[in-house]
Amino acid sequence: MIYLDNAATTFPKPESVYKAMDGCLRGFGANPGRSGHKLALEAGRSIYKTRELVCKLFNIENPMQVIFTSNATDSLNLALKGLLKPGDHVITTSMEHNSMVRPITALESLGVENTIVQCDKQGILDPSTIEAAIKTNTKLIAMTHASNVAGTIMPVEEVGKIARRKGVYLLVDGAQTAGIYEIDVQKLNIDLLALPGHKGLMGPQGTGILYIREGIDLAHMKEGGTGSHSEILQQPDITPDRYESGTPNTPGIVGLGAGIEFIIETGIDKIREHEESLTNTMLEELKKIEGIRIYGPRDAKKQAAVISINIGDEDSSEISYVLDKAFDIAVRSGLHCAPLAHRTMGTFDQGTVRFSMGYFNTKEDVYKAVDALKHICEELDGE
Ligand SMILES: Cc1ncc(COP(=O)(O)O)c(C=O)c1O
């Protein structure tokens with residue numbers, strides 16, 4: 001089986017992630033931050049260690065500003081619903097995932113104003129269109145770092161400068177870039193960073209992160225036990241406890257820590273260069289096949305390791321079904337939870353077949369996928 005669905009979740013994980021999770025469940029599977037015994041303290045320390053690793057990777061100063069969530073969707077919901085109030089204006093782009101679009105749409109019904117800035121057919125965003133959309137009540141610019149459909153990398157640095165100059169907060173969805181591209185929250189002026197733990201950060205499913213810049217007053221979404229200030233009936237004000245009620249996903253967070261350690265030890269540049277090289281090879285090979293339409297920038301320097309294609313007018317689900325059944329190649333088809341992106345690219349009716357490479361893929365995987373596509377094209381030609 002060749003796994004080319006890393007944009008959904010990375011697979012496999014580094015060996016150290018499996019070992020760390022097993023070690024946690026067997027070795028110190030106590031509830032952190034609650035009891036005071038040795039095992040509980042060890043569990044608490046292991047969670048704090050992951051907070052510190054997150055800080056190291058994203059140049060965050062204070063580990064207490066790192067909130068653990070269950071996925072990027074959870075982080076985006078907390079950021080958007082915690083920040084925006086009726087009468088506020090938010091600007092987003094036409095390349096967003098539904099995890100961004102749906103919470104914003106829900107907020108619109110509560111009186112939050114929304115402007116969706118149009119990207120071009122390749123998903124490229126002109127930062128000046130964001131600046132032009134800023135109004136007196138604009139509170140937030142909320143955007144992805146890279147499209148999960150076309151891979152298009154967004155000009156986050158330029159938008160960060162605009163946001164800082166105009167006094168508007170910047171929320172970045174790093175679902176397709178974290179662990180592969182450098183994200184320095186200070187350099188990029190990112191106020192809120194939403195991340196899945198289970199994609200490029202190589203942790204297990206059920207993990208996510210929200211970084212909240214110090215000083216931002218974000219409402220919490222739920223109340224409950226935090227192990228701190230147990231004498232009061234209200235949710236404590238301290239971060240991260242304010243946002244982390246209930247028993248945390250300790251084994252998951254430990255696995256996420258091991259994933260981030262793997263990235264730091266391997267080197268983020270090495271990971272990106274490998275993925276870039278796979279993307280480049282695949283793009284160049286695909287360009288040679290007649291009948292294949294490639295969407296997005298078609299340039300490995302301008303897109304994450306995500307390539308969306310179609311073959312003629314064939315149903316994208318049909319192609320991915322054949323890739324799975326006949327060639328043992330796992331990809332994703334359809335709208336990829338991003339209908340606005342497909343409207344932008346003109347692929348709303350057909351969807352796309354998406355190939356997404358990860359660090360553990362090889363050139364051989366790419367060549368096999370290309371051969372499979374050639375074969376499918378030939379078969380279709382002969383029909
Ligand atoms: C750009 C983008 N944002 C958000 C998400 C949601 O991530 P999660 O499944 O961790 O909630 C995804 C998932 O594919 C994504 O690609």
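The values are calculated or read from the model by the stated rules, or taken from the named source; none is laboratory data. Owing to the predicted nature of the structure, the values given are computational and were not obtained by experimental measurement. FYI the Cβ positions are ideal-geometry reconstructions off the backbone, even for glycines, and counts take in every protein chain you see. Just so you know, the surface numbers come from the protein's heavy atoms only, side chains and all, with ligands and any DNA or RNA stripped out. Shrake-Rupley method; radii C 1.70, N 1.55, O 1.52, S 1.80 Å.
Identify, please: which residue in the range 1-42 is under 15 Å from ILE253 (Cβ atoms) and aliphatic (A, V, I, L, M) and is, among those, surrounded by the most Cβ atoms within 10 Å (Cβ to Cβ)?
Of everything passing the filter in the range 1-42, ALA20 is surrounded by the most Cβ atoms within 10 Å (Cβ to Cβ).
Taking the criterion of being within 16 Å of the ligand (Cβ to nearest atom), in contact with a strand residue (DSSP E or B) (Cβ under 7 Å, 6 or more places away or on another chain) and either closer than 21 Å to ILE183 by Cβ or modelled with pLDDT of 95 or more (or both), would at least one residue in the range 45-64 satisfy it? Walk me through it before giving the result.
Step one: filter the range 45-64 for residues within 16 Å of the ligand (Cβ to nearest atom), giving 54.
Remaining after also requiring in contact with a strand residue (DSSP E or B) (Cβ under 7 Å, 6 or more places away or on another chain): 54.
Right, trim to either closer than 21 Å to ILE183 by Cβ or modelled with pLDDT of 95 or more (or both) and you get 54.
Scanning the range 45-64, I find at least one residue that is within 16 Å of the ligand (Cβ to nearest atom), in contact with a strand residue (DSSP E or B) (Cβ under 7 Å, 6 or more places away or on another chain) and either closer than 21 Å to ILE183 by Cβ or modelled with pLDDT of 95 or more (or both), so the answer is yes.
Being away from the ligand (no atom under 16 Å from the Cβ), within 19 Å of the chain's Cα centre (by Cα) and either open to solvent by less than 60 Å² (accessible area, probe 1.4 Å) or not aliphatic (A, V, I, L, M) (or both) is true for just one of ASP184, ASP120. Which residue is that?
Exactly one of ASP184, ASP120 is away from the ligand (no atom under 16 Å from the Cβ), within 19 Å of the chain's Cα centre (by Cα) and either open to solvent by less than 60 Å² (accessible area, probe 1.4 Å) or not aliphatic (A, V, I, L, M) (or both), namely ASP184.
Could you tell me which numbered condition GLU157 fails, if it satisfies all but one of (1) open to solvent by less than 40 Å² (accessible area, probe 1.4 Å); (2) within 21 Å of PRO297 (Cα to Cα)?
Result: GLU157 passes all but (1).
Would you say ARG272 is touching a residue at least 12 places away in the same chain (Cβ under 8 Å) and part of a strand (DSSP E or B)? Before you say what the answer is, go through the steps one by one.
Details: touching a residue at least 12 places away in the same chain (Cβ under 8 Å): yes; part of a strand (DSSP E or B): no.
No, not satisfied.
Tell me the residue from ALA341, ALA326 that is of a type in the set (A, V, I, L, M, F, W, C) and open to solvent by 10 Å² or more (accessible area, probe 1.4 Å), please.
Of the residues listed, the single one that is of a type in the set (A, V, I, L, M, F, W, C) and open to solvent by 10 Å² or more (accessible area, probe 1.4 Å) is ALA326.
Report yes if ALA300 is assigned to a loop (DSSP other than H, G, I, E, B) and open to solvent by less than 30 Å² (accessible area, probe 1.4 Å), otherwise no.
Details: assigned to a loop (DSSP other than H, G, I, E, B): yes; open to solvent by less than 30 Å² (accessible area, probe 1.4 Å): yes.
Yes; evaluated as a whole, the condition is true for this residue.
Would you please list the contacts, defined by Cβ atoms under 8 Å and residues six or more apart or on different chains, that run from a residue in the range 35-60 that is under 15 Å from GLY208 (Cα atoms) to a residue that is open to solvent by 80 Å² or more (accessible area, probe 1.4 Å) and acidic (Asp, Glu)?
CYS55/GLU61
Say whether the condition of being at pLDDT 95 or above, closer than 20 Å to ALA79 by Cα, over 16 Å from the mean Cα position of the chain (by Cα) and more than 16 Å from the ligand (Cβ to nearest atom) is met by at least one residue in the range 150-158.
Yes, the range 150-158 contains at least one residue that is at pLDDT 95 or above, closer than 20 Å to ALA79 by Cα, over 16 Å from the mean Cα position of the chain (by Cα) and more than 16 Å from the ligand (Cβ to nearest atom).
ALA369: in a helix (DSSP H, G or I) and farther than 25 Å from TYR181 by Cβ, yes or no?
no
Does THR105 fit the bill of being within 14 Å of the ligand (Cβ to nearest atom) and either open to solvent by 50 Å² or more (accessible area, probe 1.4 Å) or within 17 Å of MET345 (Cβ to Cβ) (or both)?
On the way: within 14 Å of the ligand (Cβ to nearest atom): no; either open to solvent by 50 Å² or more (accessible area, probe 1.4 Å) or within 17 Å of MET345 (Cβ to Cβ) (or both): yes.
So THR105 does not fit the description; no.
Take the residues in the range 190-230 that are closer than 18 Å to LEU78 by Cβ and free of Cβ contacts under 8 Å to residues at least 60 places away in the same chain; name whichever of them is nearest to the ligand (Cβ to nearest atom).
If we take residues in the range 190-230 being closer than 18 Å to LEU78 by Cβ and free of Cβ contacts under 8 Å to residues at least 60 places away in the same chain, then ILE190 is nearest to the ligand (Cβ to nearest atom).
Confirm whether SER320 is buried (at least 22 other Cβ atoms within 10 Å of the Cβ), under 18 Å from ALA175 (Cα atoms), of a type in the set (Ser, Thr, Tyr) and at pLDDT 95 or above. Can you show your working first?
Values: buried (at least 22 other Cβ atoms within 10 Å of the Cβ): yes; under 18 Å from ALA175 (Cα atoms): no; of a type in the set (Ser, Thr, Tyr): yes; at pLDDT 95 or above: yes.
So SER320 does not fit the description; no.
When you go through (1) at pLDDT 95 or above; (2) open to solvent by 50 Å² or more (accessible area, probe 1.4 Å); (3) farther than 18 Å from THR152 by Cβ one by one for ILE263, which number turns out not to apply?
Result: ILE263 passes all but (2).
Output the residues belonging to the range 160-176 that are buried (at least 24 other Cβ atoms within 10 Å of the Cβ) and assigned to a loop (DSSP other than H, G, I, E, B).
Within the range 160-176, GLY174, ALA175, GLN176 qualify.
Out of curiosity, is GLY206 on the phi > 0 side of the Ramachandran plot and touching a helix residue (DSSP H, G or I) at 6+ places or on another chain (Cβ under 8 Å)?
yes
Kindly evaluate ALA142 against the criterion of being within 16 Å of the ligand (Cβ to nearest atom), modelled with pLDDT of 95 or more, surrounded by 24 or more Cβ atoms within 10 Å (Cβ to Cβ) and within 18 Å of HIS336 (Cβ to Cβ). Show your work before the answer.
Values: within 16 Å of the ligand (Cβ to nearest atom): yes; modelled with pLDDT of 95 or more: yes; surrounded by 24 or more Cβ atoms within 10 Å (Cβ to Cβ): yes; within 18 Å of HIS336 (Cβ to Cβ): no.
Here the answer is no, as ALA142 does not meet what is asked.
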